[in-house]
Amino acid sequence: MRNEDRGKRLIAVFLLGLVLINFPLLAVVEAGQRWFGLPPLFLYLFGAWVGLILLLALIVERGSAR
């Protein structure tokens, strides 16, 4: 993968992170129910955070494999 493509993918993941951790989605996730005894907002935030880290690691590792 060229550096140019990797940079575009990193920017796309950054923008995805902005969308995922923005007020409208956070308001939708915040509900009165609890999942596994935890508020859904906590589960959503940590899940989105872990997902973004995994995407970033995948992009960076694929770029450095060559």
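Bear in mind these aren't lab numbers, they're just calculated from the coordinates by the rules spelled out. The structure presented is a predicted model; accordingly, all values stated were derived computationally and were not measured. Note that we place each Cβ from the backbone using ideal geometry, even for glycine, and neighbour counts take in every protein chain shown.
Laid out as a table, the results:
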{"quantity": "Between 0 and 90°, nearest 10: helix 40-64 axis offset from the chain longest Cα axis", "calculated": "10 degrees"}
{"quantity": "Förster-model FRET efficiency, 22 Å R0, N3 and W49, C-beta, rounded to 0.05", "calculated": "0.25"}
{"quantity": "Global geometry of the stretch 3-64, whether rounded, prolate or oblate, following the gyration tensor of its Cα atoms and the 1.5 cut on a/c", "calculated": "oblate"}
{"quantity": "Crossing angle, helix 3-20 versus the chain [Cα axis fit, 0-90 degrees, rounded to tens]", "calculated": "10 degrees"}
{"quantity": "Linear extension gain, L16 paired with F36, 0.36 nm per residue minus alpha-carbon span", "calculated": "4.6 nm"}
